[in-house]
Each structure stands twice: as C-alpha cells, then as structure tokens.
Amino acid sequence: MSYSIRAVGEIVGGRLLQFHSDDAIEHLLLDSRRLIFPDTSLFFALRGPRRDGERFMEELYRRGVRNFVVSSNADAIATSDADAIATSTPEHAGVPAATTPACMPEANIILVEDSLAALQRLAAWHRKQYTLPVIGITGSNGKTIVKEWLNQLLEDRYHIVRSPRSYNSQTGVALSVWQLQAVHGLAIFEAGISRRGEMSRLEPMIRPTIGIFTNIGEAHSEGFDSRAEKAAEKLRLFAGAEVLIYNSDQSDLVKAIGQWKAAGAGGSGAGIAGSSPNLTGAGSVKLFSWGSDPNSNLHISSAKKESGWTTITAHFAGANFSFSLPFTDSASVENALHCAAALLYLGIPADEIDTKLRELSPIAMRLELKSGINHCSIINDSYSADLSSLTIALDFLSQQHQHSRRTVILSDILESGRPDDQLYAEVARALEQKKVDRLIAIGSHIGANAPVFNEWFSGQCVFLSSVSAFRAGLPQLHFRDETILIKGARVFEFEDIDRLLTEKIHQTIMEVNLGAMAQNLRAWRQLLQPNTRMMAMVKAFGYGSGSFEIASLLQFHGVDYLGVAYADEGVALRKGGIRMPIMVMNTENSSFDSLVQYNLEPVIYSFTLLHSFDRWLKREGLTAFPVHIELETGMNRLGFPGDELDQLMKVLPTAAFKVRSAFSHFAASEEAQQDSFSLAQWAAYQRAAGRLETTLNYSFLRHMANSAAIVRLPQLRMDMVRLGIGLYGIDSADSRQLELQEVSTLKTTIAQIKHLREGDTIGYNRRGIATAGTIIATVRIGYADGYSRRLGNGAGKMWVNGRLAPTIGVISMDMTMIDITGIPDVREGDEVIVFGKELSVKQLAAWAQTIPYEILTSVSQRVKRVYFEE
C-alpha cells in the first residue's frame, strides 16, 4: 500500500508548504544514512538533542528525495497562512527559510507541529487499515528473543510481519508497523519505553490483539518513580487487547496487573480462532498466566535441567504434558515458556508445540567473540550496560573456557533507577558469583562506589575515569591469555577499547596520504558529468591502505557508494562510523545476518544465492531489501549469463528484495586492442539491463565502468562509475590524462648492518654471495608483511638515503637483506622506503612481474597504517 503526498498531509494533520507533484509514498526515511529508494521515500526531519533532521534535507534532495515532513515552533505555525498551500514556489509566509530552501524547487514539503507525532499518526493510520491478529510484546528484557522465537515457531502457519531487530522505540515501532501489507496473516511487534507517557504513543500504532508481558526488570527505570509505575505504563499497550500473557511467578508484575484490572482496563476485541478456556480476569482483557502457581492457566509443575536441555512438565486445560527446551539458562527457559503459552492460546496442540520448541535456536544479539591481542579472547558487548544485560553477558563469559583468567571491563550503569550503592553491590556480587578475576571499571559513578566492590568482590579492581585514561594506562594493565568482556553503555564509546585490544602493532608501517587521495578523487570527478554517480572500491582493506579511515575521507567528500569484497569489510566500516551505502561484491550465505544488521547491500550473482537470500529474508520478515544484480557479459567470473535471463525475469518480481542496481565487469578496458570486445560487452549489458528494467517496471542504477574505462571509454560511464585503483594514484590505463599522486608509502627500518668478507653467504639456502667489501643491511620486512619472494636475489630494490639498494639473498618471512655497499652514512635504525614517492609501486610491481593491485593488497594487516594530511 502506498499513500499520495496529499493523503499523507491530511493523515498527519499537516499543511503543504510547497507542492510540486502528488507523489506516491512507499518508504519512510528517518536517517539520511539509510536512504535506499529516494523516489518513493518520505523523509521525516526529526529533531533530537544533538541533530536536527532539517539539516540533511538539501543533501537528501540532491540524492533524489522529493518528499519531506518538517516541524516548526508554535510561533512560526501561528504566523503562517493557515489556508494557503504553496504550489510551485518555496516561499511561504511565516515559514522558516530552512524548511523551504530555494535549492529544492521540486520538493513536496509538509509542515507539522511535531514531526515525530506525525510519523506516529501515519503509522497508526496504516495499522487501522488491516484486520489481523497482532502480538504485542513489552517488558524489561527478552522482547526481541520472544519475538524472534514466535516467528520461528509460527512461520509455517502464518505469513508474518514483525519488528526488524529491536525496533521497539518511538520511531522503531512506526517503521515496523509500516511494513504491514495485505498478504500478512500475523504481526509481531515489540514495544520498549524509558519514561512516562511513551506507551500511550506506541499503543495506537501496534493495537495488539494478543499481549505478552515478558518481565519487569531494572532496564530504563530512571524515568519512573517505582517499578509499579513502570509496569503500569507498559500495561497501557494492552488496553484494547483480547488477552494478556504473563509469568505469574513475578510478584511485582502480578500485583501491577491486578491493580490495572481493578482500575477498569480493557477494550473491545473480537475473539480469534483457537481461544483457550479458563482465561480469567475482569473486563474484556483476558488474562493467561503461566508459572509454578497451580492456579495459573499453564501450570509448570517441574523443570529438570540435564545435558544442555530443560524438560518442562506442565498442566493445561485439564491435561498433563511436557516440553523439551534446548536450553538450561533461566532467561531462555522463561522466554521459551512465553512462546509456549502464546501457541497454546492460539490453539496449537501441545505435541506440536513440543516438536517446535525442540528446534528453537539461540538468537544472535550483540555479543561478539573474537581473537584479541596477546592470545586473549574478546567478548564485545559495548552496546548497552544495565544489570539484566550484564547478567546475560556474564553467563556468556562463564561459558567460555579458552582461558582460565577472566576480566570484565565495565562502564557506569545508567538509568537503572536504583541507588548507586545498591546497584553496584549487585554488580559486585554478580562478578563474584561468575568467578571474574579482574574488574576494570570506567566512569565516575562506578568509581565512586569502589568500597562496595571491595566489600563484595574478591577479585582485582582497577577504577578509571574515562576511555582516555584506559588508553593511557593500557601498557600497565597487562592483558594476556585471558577472556575479556567489554560491557559499556553506548555513550562511553567502548568501541575504542575494542579496537585497542585487537590492534596489531608492527614496526614496519604504511603511511597513507589522505590529502593525495582527496586530490585524486577530484581529478577523477572532473571527467564525469554532474549527474554521474561514483562508487569507490575499498575492498581488500582499501587496496591495502585501510578500511574505515579511507571510507571516512570518501564519505566526507560525498562519494555516493562504497564497494567492498566481503560482508566483514562492510561491517568494519559500519563499526568505524561509515553511514553511506555499501555494496558487498562477494555475498556468502554465512553473511546474511551481517548484511541486514549493518545495512549492507549484497550483490546477487547466481540462482543459488538468489534463492538462499530470498528464503532468509522471508524468514526474517524483511521485504524490499536492496540488492545489486550482476550480469555476465564476457568476464566469465560471476554473474547471470544471457541464457539465464528468462528465468531471472520470472524469479525477481516475487523475491523479497528490490534491485538497486544492475552491473557488469569489463574484462580488458585498459587495453586499446580489446576495445571491440569491451564495446560488445557493453552492448550485451545494455540489452540485458533493458529487459530487466522492463520486467521489474522500475528503474535502477546502471554501471560498468572501472578506473580504466572511466578515462578511456567515456561513452560507457552510464549512471555510475566504479573507481578502484585509480583512487590510490594508479592510472591502470596509462592514459597520462590525469595528475595523480600515489597515496601509499610502505617503509621500514634497518635492524642491523653487517660488513661481509668475499664468499660469505647471505640468507636461507645460501643464495646470496658477498664480494669483497660487501655491506648489507637487514630490514624489518618479509613475505609475511607482503614483500614478495619474487623480489629476492636482486630482483627488487629499496630506497635508502637517496639511493636504490638491491635485495641480496632470498626474502625471509620477517626480514630482508639489502646491499648498501657504496651508500654513505647508513646507520642501524635508519628509514628504508619499500615503495612510495621516491620508488613507485608500479616500478616495484614490474620488478615482481605482477601488477600494482597485488602489491598494494598484499601488504599484511600486521603492518600498522598511519594516516596523515599535508
């Protein structure tokens, strides 16, 4: 379902400040970094404590967005002409200039008093258009897991739409509900709040028929005077529901529900098929309880844990039965029983539920386990910090047995709603219980409670004021052979700690001149038409130059797209703060979750991949996910060949994604003698892309030109070009049309100098032989750093004190010997240039009988990168 811009204006109660055309709205956009479909997106310019969405309107307009909702203060609204509708000019009486910039003549702009409220009104209106069962989930913990498990348990019975990830906030719920379509038979939405009044804004958007209240914990308690007040606010979600499912063993929650019912909560709701008997409670909202209380609707009589499984014995509706759960931790068991209760309410037989529960799998949340420095293992959970999630993370830590020693790096726990001494006493007891050896505490609140930790925690404690203090004291903290849990609130930016603990240090360095890269980018852009977009290829660790450091520069200079080889490269960019669109060239099944989690756009190049990703998206409840289609035109590497186009046309329209671009690869665009083949490739691509666009009935970006084609074949640039090696200062076509600077300088130092006698041999296998008076220098670089063995025995040279010094002997793993005979004033510790301004990487590639691509991408990641601007 789509809405016209005029209809949207009426729904949200806004006024059209500027009207150009009655566009159809299909996508809601809140973050300029997530723009995918500009033509059909409506941007809500939300105002936050740090950013005003109106600042990004002009940028979005340049990127193709034409529909905007803006808010203004009451005075500005009051002074505007309430009956006027601007039709073709941006000027409007009383409207701030920022909302109607003259550089946006084709924009539709709706003025509202509150852009967030307008977004929520639109989502609530959209929800009213559908009559279907809706499961609404709230609580302090477990919402996302219960939602995902319900989807896993019910997907064979219903076409389900659900909240993506943890989209449970004031904006996340709106985006979740907007996904509703006529094809859906069941919706599952989660709702999270942190202060009074928020749930009353979420309820009209979700309007659940079935409610699940997971638990009442301490997350987001700061906005409430008591747990009871927080529970009462959350219960507002279920005012119009048919049934509320909850755990009767939670006394605080039971008490809150009793008060809620006594106050007359309830609403009108039609029954659904499969409603179960014995549901109690006054008013129209039925209560379905589960727990150890024999009066519960689902009475849990026992829970036996053994060999990684929990066997539940239960009684429901006059019958006894059992469930087997593939978990033993309390949180997972509780979440699974919420799901079991929901399935029983829906009328699913107990034996079928048991079969389904046995197949539940853990849901990947935000914990990351990876290798760290000095043989450490790192658990990165630097997304949030509260007592409940800390308990979960500590459980995960206790399951790791790679090392006997355990360290926890923990920030202040914010918004707990509890006195600090009580809060940190519980933290200390949890650390003690999980046998943590060391706590590194960062923040003023946790530091002020050091005596509490001394009382309750027997391990070592280190208290630091900030991440900067951690960075400064890193050498004295002595991380080695241990498992380290990094747990911090987002405001503390523990990502820096994560990078420090995984950083590779090596004396050999590669310097990257960001100023030269910016100059190269400008040089290439001068060749393009204003409407031609640019994708910068930063795959293979940015051609050896780095990942997010390079991407940050490209983002600053307004490159339209980034291209990476694999999803993990894109993930690294996202973690480094890169917001721009990222295309993943080599998509793998194992990367599907990362693609969605980090908003990466995969290339689809085969039917095997297409079907796998399509099935995965549908299981996840995602639609219209952006993909790029690779067409085979003569490279014969990846892509759909011409004889598979008919089948591709049949499959794509029903898939769960939308084509953002279709492209192909030139096989030999740098070679003039291959131009006829390149032109034939281009013609074949155009025919295939044309057929694809006709079938899909919407347009997409077309691109094929790489660095060489940009400069040599300007007529083939199309909608977008892909700039790769050219960005790093290499003109692979040797066109001599551009003034480029090589970006990277690989340098090392001399470890030792030796004076040899005639006949002395050098290196492994005695391949180097000294003549009379030979002086050699051993430098700190070898084939493990990316210096090819092909450069040994004099084939390669290095720059020392303004002279070229040939290699002598074979290249070792970590060391290379060079002949410095006749070069004056060379000392141990002196700098040696492997390639750079003085010695071109193109020359080094020629000596190695390869190409600059291989030289640059072969530089090991143990070689430290240093970035600078002149």
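The values are calculated or read from the model by the stated rules, or taken from the named source; none is laboratory data. Computed from a predicted structure; not experimentally measured. All Cβ positions, glycine included, derive from the backbone under ideal geometry; neighbour counts span all protein chains shown. Remember, those area values only see protein heavy atoms, side chains included, never the ligands or the DNA or RNA. Shrake-Rupley method; radii C 1.70, N 1.55, O 1.52, S 1.80 Å.
Laid out as a table, the results:
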quantity: Any hit, region 692-710, residues being within 25 Å of L600 (Cα to Cα), open to solvent by less than 20 Å² (accessible area, probe 1.4 Å), of a type outside the set (A, V, I, L, M) and more than 30 Å from the chain's Cα centre (by Cα); calculated: no
quantity: Scan of region 819-839 for residues that are free of Cβ contacts under 8 Å to residues at least 60 places away in the same chain and either of a type in the set (G, A, S) or on the phi > 0 side of the Ramachandran plot (or both), ordered by number; calculated: G822, D825
quantity: Failed item, numbered, when M649 is tested on (1) more than 31 Å from the chain's Cα centre (by Cα); (2) surrounded by fewer than 16 Cβ atoms within 10 Å (Cβ to Cβ); (3) of a type outside the set (G, A, S); calculated: (1)
quantity: Subset of region 130-150 [under 16 Å from L337 (Cα atoms), open to solvent by 10 Å² or more (accessible area, probe 1.4 Å) and either more than 22 Å from the chain's Cα centre (by Cα) or not basic (K, R) (or both)]; calculated: N141, G142, T144, I145, E148
quantity: Residues within region 200-246 that are open to solvent by 10 Å² or more (accessible area, probe 1.4 Å) and part of a strand (DSSP E or B), tallied; calculated: 2
quantity: Residue ID - nearest to the chain's Cα centre (by Cα), chosen from residues in region 841-853 that are open to solvent by less than 40 Å² (accessible area, probe 1.4 Å) and either of a type in the set (F, W, Y) or modelled with pLDDT of 90 or more (or both); calculated: V841
quantity: Conditions (1) among the charged types (D, E, K, R); (2) without any contact (Cβ under 8 Å) to a residue 40 or more places away in the chain; (3) open to solvent by less than 10 Å² (accessible area, probe 1.4 Å): number failed by D643; calculated: (3)
quantity: Residues satisfying the stated conditions in region 384-411, i.e. small (G, A, S), at pLDDT below 70 and either over 19 Å from D329 (Cβ atoms) or not in a helix (DSSP H, G or I) (or both); calculated: S384, A385
quantity: Matching option when the condition is of a type in the set (A, V, I, L, M, F, W, C), touching a residue at least 24 places away in the same chain (Cβ under 8 Å), under 25 Å from E549 (Cα atoms) and surrounded by 15 or more Cβ atoms within 10 Å (Cβ to Cβ), among L856, L791; calculated: L856
quantity: S661 buried (at least 16 other Cβ atoms within 10 Å of the Cβ) and closer than 30 Å to E549 by Cα; calculated: yes
quantity: Sole exception among (1) at pLDDT 95 or above; (2) more than 22 Å from A551 (Cα to Cα); (3) not polar (S, T, N, Q) for H628, by number; calculated: (2)
quantity: Long-range neighbours under 7 Å by Cβ, at least six apart or interchain, first residue under 20 Å from R429 (Cβ atoms) within region 390-409, second outside any strand (DSSP E or B) and modelled with pLDDT under 70; calculated: A393/L367; F396/L367
quantity: Any hit, region 60-79, residues being part of a loop (DSSP other than H, G, I, E, B), at pLDDT 50 or above, open to solvent by less than 70 Å² (accessible area, probe 1.4 Å) and β-branched (V, I, T); calculated: yes
quantity: Residue match in region 618-627 (condition: of a type in the set (A, V, I, L, M), surrounded by fewer than 19 Cβ atoms within 10 Å (Cβ to Cβ) and part of a helix (DSSP H, G or I)); calculated: no
quantity: Residue within region 648-657 that is without any contact (Cβ under 8 Å) to a residue 40 or more places away in the chain and in contact with a helix residue (DSSP H, G or I) (Cβ under 6 Å, 6 or more places away or on another chain) present; calculated: no
quantity: Pairs, first over 16 Å from P133 (Cβ atoms) and acidic (D, E) in region 323-350, second open to solvent by 10 Å² or more (accessible area, probe 1.4 Å) and assigned to a helix (DSSP H, G or I), C-beta under 6 Å, six or more apart; calculated: D329/D395
quantity: Single residue of region 311-322 satisfying the filter (within 17 Å of E359 (Cα to Cα) and touching a residue at least 24 places away in the same chain (Cβ under 8 Å)) that is surrounded by the most Cβ atoms within 10 Å (Cβ to Cβ); calculated: I312
quantity: Positions within region 483-502 being assigned to a helix (DSSP H, G or I) and open to solvent by 40 Å² or more (accessible area, probe 1.4 Å), in sequence order; calculated: R490, V491, F492, E495, D496, R499
quantity: Residue list for region 426-459, filter: assigned to a helix (DSSP H, G or I) and open to solvent by less than 10 Å² (accessible area, probe 1.4 Å); calculated: V427, A428, L431, I446, F453
quantity: Of all residues making up region 651-676, the number that are of a type in the set (F, W, Y) and more than 22 Å from I725 (Cα to Cα); calculated: 1
quantity: Residue within region 515-532 that is more than 21 Å from the chain's Cα centre (by Cα), under 26 Å from R405 (Cβ atoms) and either surrounded by fewer than 13 Cβ atoms within 10 Å (Cβ to Cβ) or at pLDDT 85 or above (or both) present; calculated: no
quantity: Where A472 falls short, out of the listed (1) among the hydrophobic types (A, V, I, L, M, F, W, C); (2) out of contact with any Ser or Thr (no Cβ under 9 Å at 6 or more places or on another chain); (3) surrounded by 14 or more Cβ atoms within 10 Å (Cβ to Cβ); calculated: (3)
quantity: Boolean, N168 is touching a residue at least 12 places away in the same chain (Cβ under 8 Å) and either over 16 Å from R619 (Cα atoms) or among the acidic types (D, E) (or both); calculated: yes
quantity: Residue check for Q737: in contact with a helix residue (DSSP H, G or I) (Cβ under 8 Å, 6 or more places away or on another chain), at pLDDT below 90 and either in a helix (DSSP H, G or I) or surrounded by fewer than 19 Cβ atoms within 10 Å (Cβ to Cβ) (or both); calculated: yes
quantity: Residue within region 105-121 that is farther than 30 Å from Y61 by Cβ and open to solvent by 10 Å² or more (accessible area, probe 1.4 Å) present; calculated: no
quantity: Residue list for region 269-305, restricted to those being modelled with pLDDT under 80 and closer than 22 Å to A231 by Cα; calculated: L279, T280, G281, A282, G283
